[in-house]
Amino acid sequence: MSRDQNHVGEQPEGSVPDSVPFSVPGTDARPGAEAWPEVEQAERLARGAALKWASGVFCRPEHLERLSQYKKRESQRTTSIHTRLKSMVRSYLEGVGWGLEQLRDARAELMTVSQALKKTGLESSRSTDGERSLEKLREVSVHHRQLLTAVSNLPRLYAVRSMVLETERLVESRRLLEAHALLMDLEQWQDEILWQLSGNTGMENSALSPEDQELVAKYFSGVGNLVEALGKEMWAVVSSALALARQNPTPFVSAVRIVEREEALDRAFLEERGGNRSSRPLPPQRPRCWRAAFFQVFEDGVSTRFRSVSFLHTRGPGLAGHLSAIQHGVMADLATVCCLLEHCVPPHYQLTGAYIKAIHQCLHNHLAQISSWDLESGEIFAVLNWVLHVYDSPDMMGHPEMVKEVKKEDLPPLIPPERLEQLQSKYVQSVQRSVSEWMYKALQVELQDWQRDQEPDTDHEGFYQTSLPTIITQMLEENARVALMIGETLRDQTIQMGLYEMEKLLNRFREALVELGKEHRREPDNHNNRFYLHYLLASISNCIVLKKSTESLQQQQSPRSMGQFSRTPPNPLAALDRAVRRACRLVMDQLLVDLQPFLPGLLTRPWLVQGEPTPKLCGILEHHLELYGRVRPPCRQRLQEETQWLIVVEYVRALMQKRLVCRNGKDRTQLAQQMIQDDQQFRELFHGLEGEGVPPEVNPLALLPVLADFLQLKDPGMLTLEVSGLTAKYPDISDEHVSILLDIRGDVSRDVRGAVLDLLEQSAPSLPVGYRPIFTDILVPPSTVVFCLPKAKCA
């Protein structure tokens, strides 16, 4: 882009910048230019700007053709500027002239005012002498007014003494309103005399001299004592209002009216002082604020009356009666306030609300003192029940009429929440000590019952029982019921504590069963052990009862309380299961002891010929099963089931001892038939167990026919298939068991034996889920094969 184009783009052609004044040639040399260097500098800048502009506009010859147009336009512009300047200067000059005119007028007025002030000063100096002559006249006038006041008040001054004595007499006789009326007259006289003696001028410098104040105070010296005496009698009436209101409420009404009079006087004096209408000082002993004092004395009277009740005997069993007496006393006083005193005071007093707040504070302090004592569980229950239920019930502060007077939110809690938690924890600990002690005693009684020489008692259903579950159940249920009267939280804590103690008891109970079993084994013929089995069965029934009680207690707990305890939750059901297992084990041990004399006769030659001793075994089993019927289900079925397993295991164990080895097929057939006959006797004995006890597919008695079929199998070559079926039904059978069965048959060749044992090694099936092993409990006796080779020393 060329230089010409730049100039044309920056400034429109034919225009001069507004910031550059256009100057006509020849105007540089003007008078006074040397005195104004700024003007000279502005001229130079203007010329430079004009030359720069002209060089940009007339940079080519053809641009000179428009020179005349530029000149004409610039001359017009200059003329317009000069016109505006002249107009502006003319306006400024007119304003300056008007301002000068105003200054001349102000100067004339100031001169007039100055002359007036001089005249005033002269007049003031002349009046000073006259004011001095009037000063003595003013002093005489004030003295005259004081004398006039003294003369006019002489009758009153002479009557002051008699009025004071009369007022004292009225106060002593509790004619309070009349006494207060005279007292008001005396105070009014005293106030008027002080006001008149001060000059009644409304000026602060007209205050009485100390001599005058002392003189007036001397005349009215008894008034202050009357105020104190009247107040003392009034407060005595107010503090005893609850006790005397039903007999004669008149003194209380008089006291309230006097309080309202005094409040009105205090308010009038304070308003007069606050209105700045005069500088009249407040009378002596003002303001008295007797309304605030009235409520303070009333609260003190409530507190004193409450202490007269709360200082009665409150420890031990008398605490509940003490709290009940407090309730009746508070409600009686509350009825007095609502029905009598409330109507003796103005509505804005809200005397019922004031009484409720005062008695609430008294109860708060008293209960804080009680809760700090070392209380027993019954005392703590009485306090918690009274605080949480009795106090807020409709029979006390929860009455609709009481709720209208004071909102519950406006009153602090009788006992702080943290203190309530401490009391509840203390209650649970106290109950725990009692429960632990009672459980220990109950267990000792149970242990003594085990030594009795008589059969245990039975309940209405015919089951054995002792006193232990009844004592424990009733104790825990009663504690839970009592705790629920306080609240669900305390109930849950009490139940949790009871479950802990139940678990401890059951652990000790199990240990006692173990000791009982040991003692019985040491002295089986002891006379005190005649009913050993009976009390074992009673213990099992007791555990079933305790289990139901435990489940009932656990169901009573609220779900949210399960995770609120810091230590490990109690598990009494597991302890019950351990105790039941131990008792059942002892019962089975006793059954085995009773069967033991006859077990060696099983599966022998006499047994094979005569069938003995199976009937005797059945007789023992029948006796035991009859006793098991005295046990509560499901443990009765469990004992019957364990009895089946025990007799079958002992039967098979006798078989594995190889007391009888068959010599021919006749022996095998006779052995199998005798085993099936024994199985029939056992089945007849347990005939009622099929439907309610062991399912048929897991019935241990089913093993005896299987073994009989195995022993009477006529073709030894089929033994491999028979063993395969046997291992399928009883996967825990070992090759030692099968080997003994083959020995008992007496006809198995070496090859068949090897094939059978190889099959067992190859199959080795795993135990199915839910299968109860039977052969695992049967140990195979060691081999008695004689080593025939001669003995020789090792080289």
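The values are calculated or read from the model by the stated rules, or taken from the named source; none is laboratory data. Please read all numbers here as calculations on a predicted model, not as lab measurements. Cβ coordinates were reconstructed from backbone atoms using ideal geometry, including for glycine residues, and neighbour counts include every protein chain displayed. Calculation scope for accessible area: heavy atoms of the full protein, side chains included, ligands and nucleic acids excluded. Shrake-Rupley method; radii C 1.70, N 1.55, O 1.52, S 1.80 Å.
Roughly how many Å² of ARG668 are accessible to a 1.4 Å probe, to the nearest 10?
The accessible area comes out at roughly 30 Å².
With +1 on the Cβ of every Lys and Arg and -1 on the Cβ of every Asp and Glu, and nothing else charged, how large is the dipole of region 502-646 about its Cα centre, in debye rounded to the nearest 20?
Working: 21 positive and 15 negative charges, 122 e Å.
Computed about the Cα centre, the dipole is about 580 debye.
Order VAL259, VAL89, VAL142, most accessible first, counting only protein heavy atoms with a 1.4 angstrom probe.
Values: VAL259 0, VAL89 75, VAL142 50 Å².
Output order, biggest surface exposure first: VAL89, VAL142, VAL259.
Using a 1.4 angstrom probe on the protein heavy atoms only, line up HIS460, HIS322, HIS82 by accessible area, largest first. Don't skip to the answer; put the middle values down first.
Working: HIS460 170, HIS322 10, HIS82 100 Å².
In descending accessible area the options line up as HIS460, HIS82, HIS322.
Measure up LYS52/LYS72; LYS426/LYS547; LYS518/LYS548 against 23 Å on the Cα-Cα distance and list the ones that go over.
Details: LYS52/LYS72 19 Å; LYS426/LYS547 28 Å; LYS518/LYS548 29 Å.
Over 23 Å Cα-Cα: LYS426/LYS547; LYS518/LYS548.
Averaged per residue, what accessible surface does region 422-587 expose to a 1.4 Å probe, in Å²?
Numbers: 7980 Å² over 166 residues.
I get 48 Å² per residue for region 422-587.
Would you kindly find the accessible area of MET718, with a 1.4 Å probe and non-protein molecules such as ligands, DNA and RNA excluded, rounding to the nearest 10 Å²?
For MET718, solvent-accessible area is about 90 Å².
Given 0.36 nm per residue, what is the gain on full extension from LEU117 to GLU43 after removing their alpha carbon distance, in nm? Don't skip to the answer; put the middle values down first.
On the way: separation 74, 0.36 × 74 = 26.64 nm, distance 5.81 nm.
Stretched fully, the LEU117-GLU43 segment lengthens by 20.8 nm.
Please compute the length gained on full extension between SER127 and THR604, using 0.36 nm multiplied by the number of residues separating them and subtracting their Cα-Cα distance. Don't jump to the answer; show the numbers that get you there.
Numbers: separation 477, 0.36 × 477 = 171.72 nm, distance 16.35 nm.
Taking SER127 through THR604 to full extension adds about 155.4 nm, to one decimal.
Find, among the chymotrypsin sites (Phe, Trp or Tyr not before Pro) in region 362-396, those assigned to loop by DSSP (not H, G, I, E, B) with at most 16 other beta-carbon atoms within 10 angstrom. Write down the numbers at each step before the final one.
Details: sites: TRP373, PHE381, TRP386, TYR391; in loops: TRP373, TYR391.
Those that pass, being in a loop and sparsely packed, are TRP373.
Got a number for the accessible area of CYS339? Probe 1.4 Å, square angstrom, nearest 10.
Spelled out: CYS339, probe radius 1.4 Å, area about 90 Å².
Distance in nm between label sites at ARG246 and GLN422, each 7 Å beyond Cα in the beta-carbon direction?
In this crude spin-label approximation the distance works out to 3.8 nm.
Given H placed 1.01 Å from N in the peptide plane, which residues other than close sequence neighbours of ARG315 have an amide H under 5 Å from its amide H?
Residues meeting the amide H criterion: none.
Between beta-carbons, use under 15 Å as the cut-off and find the net charge around LEU719, counting Lys and Arg +1, Asp and Glu -1.
Details: positive: ARG668, LYS714, ARG745, ARG750, ARG753; negative: ASP709, ASP715, GLU722, ASP735, ASP743, ASP747, ASP751, ASP758.
Around LEU719, the surrounding residues sum to -3.
Where a Cα-Cα gap under 17 Å defines reach, which aspartates and glutamates qualify for LYS118, not counting those fewer than 8 residues away within the same chain?
Partners found: GLU109.
Please give the peptides 225-233, 349-357 ranked by average Cβ packing (other Cβ atoms within 10 Å per residue), highest first, as a rough proxy for protection. Each step should come with its number before you reach the end.
Values: 225-233: 17.0, 349-357: 19.8.
Going by the mean number of other Cβ atoms within 10 Å, highest first, we get 349-357, 225-233.
If you add up the charges near LEU176, with Lys and Arg at +1 and Asp and Glu at -1, over every other residue whose beta carbon is less than 9 angstrom from its beta carbon, what do you get? Don't skip to the end; give the middle numbers.
Values: positive: ARG174, ARG175, ARG257; negative: GLU178, GLU233.
Net of charged neighbours comes to +1.
Order these peptides, 241-250, 650-659, by their mean beta-carbon neighbour count within 10 angstrom, highest first. Kindly include the intermediate steps, with their values, before the conclusion.
Numbers: 241-250: 15.9, 650-659: 19.2.
Those peptides, ordered most packed to least, come out 650-659, 241-250.
Sort MET485, MET331, MET439 by accessible area with a 1.4 Å probe, largest first. If you can, show how the numbers build up before the last one.
Values: MET485 90, MET331 50, MET439 0 Å².
If we order MET485, MET331, MET439 from most to least accessible, we get MET485, MET331, MET439.
Compute the Rg to Rh ratio over region 340-489 from the alpha carbon atoms, using the Kirkwood formula for Rh, and round to two decimal places. Spell out each step's value before the answer.
Working: Rg = 23.7 Å, Rh = 19.3 Å.
Rounded to two decimals, Rg over Rh is 1.23.
Taking amide H atoms as placed 1.01 Å from N in the peptide plane, list the residues 5 or more away in sequence, or in a different chain, whose amide H sits under 5 Å from that of MET396.
Amide H neighbours of MET396, under 5 Å, 5+ apart: none.
Report the equivalent ellipsoid semi-axes for region 291-415 in whole Å, largest first, defined as the square roots of five times the eigenvalues of the gyration tensor built from alpha carbon atoms.
Working: eigenvalues 141, 47, 31 Å².
Each semi-axis is the square root of five times an eigenvalue, giving 27, 15, 13 Å.
What is the pair-distance distribution P(r) of region 422-587, computed from all Cα-Cα distances in 5 Å bins starting at 0, with each bin given as a whole percent?
1, 9, 17, 20, 18, 13, 9, 6, 4, 2, 1, 0
Computing the accessible area with a 1.4 Å probe over protein heavy atoms, can you report the carbon and sulfur percentage for region 291-415?
Details: 3440 of 5980 Å².
Accessible surface attributable to carbon and sulfur in region 291-415 totals 58 percent.
Within the accessible area of region 422-587, what % is carbon and sulfur when the probe is 1.4 Å and the other protein chains stay in place?
On the way: 3770 of 7980 Å².
Carbon and sulfur atoms account for 47 percent of the accessible area of region 422-587.
With every protein chain present, what is the per residue accessible area of region 291-415 (1.4 Å probe, Å²)?
Heavy-atom SASA per residue in region 291-415 reads 48 Å².
Could you give the nm distance between label points at GLN596 and TYR92, where each point is 7 Å from its Cα heading toward the beta carbon?
With each label point 7 Å from Cα toward Cβ, the separation is 14.3 nm.
Ranked from highest to lowest mean number of other Cβ atoms within 10 Å per residue, what is the order of the peptides 759-765, 619-625?
Working: 759-765: 12.6, 619-625: 17.0.
Those peptides, ordered most packed to least, come out 619-625, 759-765.
Work from the charge dipole of region 291-415 (Cβ charges, +1 for Lys and Arg, -1 for Asp and Glu, about the Cα centre) and give the residue of PRO347, GLN361, HIS328 farthest towards its positive end.
It is PRO347.
If you stretched the chain out fully between LYS548 and ARG481, how much longer would it get, using 0.36 nm times the residue separation minus the C-alpha to C-alpha distance?
Numbers: separation 67, 0.36 × 67 = 24.12 nm, distance 1.70 nm.
22.4 nm is the gain from fully extending LYS548 to ARG481.
Tell me the per residue accessible area of region 81-138 using a 1.4 Å probe; a whole number in Å² is fine. The partial results should precede the final answer.
Working: 5550 Å² over 58 residues.
Heavy-atom SASA per residue in region 81-138 reads 96 Å².
When the C-alpha atoms of region 502-645 are aligned to their principal axes, what extent does each axis show, in angstrom, from largest down?
Taking max minus min along each principal axis of the Cα atoms, region 502-645 gives 70, 28, 22 Å.
Using each residue's phi in region 719-734, evaluate 6.51 cos²θ - 1.76 cosθ + 1.60 at θ = phi - 60° and report the 3J(HN,Hα) Karplus result to the nearest Hz, with x for Gly and Pro.
In residue order, the calculated couplings are 5, 4, 5, 5, 5, 4, x, 5, 5, 5, 7, 10, x, 8, 5, 9 Hz.
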